[in-house]
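First up is the structure itself, then whatever we jot down about it.
What follows is calculated from the coordinates using simple rules that are stated; it is not laboratory data. As the structure is a computational prediction, the values presented were derived from the model and not from experiment. Cβ coordinates were reconstructed from backbone atoms using ideal geometry, including for glycine residues, and neighbour counts include every protein chain displayed.
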Amino acid sequence: MQFAYFDYQRYRSAPRQLLTQADQVRDTFNARADHSNGYLYGCFRSMVGLGLARDEGIAVSAWRTETEARAAPENGPDERIIMRATLRPTKDGAPDKADGLYVFRWFKVLDSNWNEFASLSDEAWPNMEGVFGTQIFGFWRSLDSKDGIADVLLLTWYANLATWEASRWWNKPVEAAQASMSRFRRRNDLIEDTIAYPVLFIPA
């Protein structure tokens, strides 16, 4: 990967803009990344108030270096975090699934537990993706974390909310998924805190 550094921006649009003119929001973030020698990895919008407010969304952009990522101008985000790719993505390029549901999930993990947390995730994903038809697009670690905590961002695609629900380790998943669910149960013991935001992709 040439573009290993990313920024996560949680933004707010004008009222109802994401419902009627989401492409304008995406184009603004696309121009920002392009003018800063990066590219827009993906722009996403709220599911009309589920997790994020109606007029909120998330944009993720990519750069070759941390210096370029930090030098890019802010675009009025409520929150901006500089990150580095870890296990995924493994190649440059944006997500390729326009339909379905994307979920951004933040984890707080002790630095001392990071290696095991990452290994359990990497071992679990192939089984989860095969059984439920999901796809893991991103697994980033914040470069702005403090106090011995690793802030980790996972981006997963699901066909719909029912698939998300069926793939929960605590929700009696199908027997074929036990190879991943057993690892997720162990991974849960390592998590200090977590929160998820379901969003919709704004395609180019």
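Listed values, structure above:
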{"read-out": "Sorted by Cβ density within 10 Å, fewest first, the residues Trp157, Trp170, Trp114, Trp140", "value": "Trp170, Trp114, Trp157, Trp140"}
{"read-out": "Theoretical gain in end-to-end length, Arg186 to Lys91 [0.36 nm per residue, Cα-Cα removed]", "value": "31.3 nm"}
{"read-out": "Neighbour cut-off at most 12 other Cβ (10 Å), DSSP loop, trypsin sites (Lys or Arg not before Pro), region 12-50", "value": "Arg16"}
{"read-out": "The chain, helix-only ellipticity at 222 nm - DSSP H runs n ≥ 4, -39,500 (n - 2.57), divided by all residues, nearest 500", "value": "-8500 deg cm²/dmol"}
{"read-out": "All-pairs alpha carbon distance profile, region 5-201, 5 Å steps from 0, percent", "value": "1, 7, 16, 20, 20, 17, 11, 6, 2, 0"}
{"read-out": "Gyration tensor (alpha-carbon) shape descriptor, region 102-146, a/c threshold 1.5", "value": "oblate"}
{"read-out": "Simple label model, 7 Å out from Cα along Cβ direction - Leu19 to Ala179, nm", "value": "4.5 nm"}
{"read-out": "Projected label distance in nm at Arg64 and Val48, using a 7 Å step from Cα toward the beta-carbon", "value": "4.4 nm"}
{"read-out": "Nearest-20 debye value, region 1-82 charge dipole, Cβ charges on Lys, Arg, Asp, Glu", "value": "160 debye"}
{"read-out": "Principal axis box of region 1-102, alpha-carbon based, largest edge first, Å", "value": "35, 28, 20"}
{"read-out": "About the Cα centre, charge dipole magnitude for the chain (Lys/Arg +1, Asp/Glu -1 at Cβ), debye", "value": "260 debye"}
{"read-out": "Rh by Kirkwood over Cα pairs, then Stokes-Einstein D for region 45-142 at 0.692 mPa s and 37 °C, µm²/s", "value": "208 µm²/s"}
{"read-out": "Cα long-axis angle, helix 22-35 against the chain (0 to 90 degrees, to the nearest 10)", "value": "80 degrees"}
{"read-out": "Cα shape, region 152-204, gyration tensor, a/c 1.5 rule", "value": "oblate"}
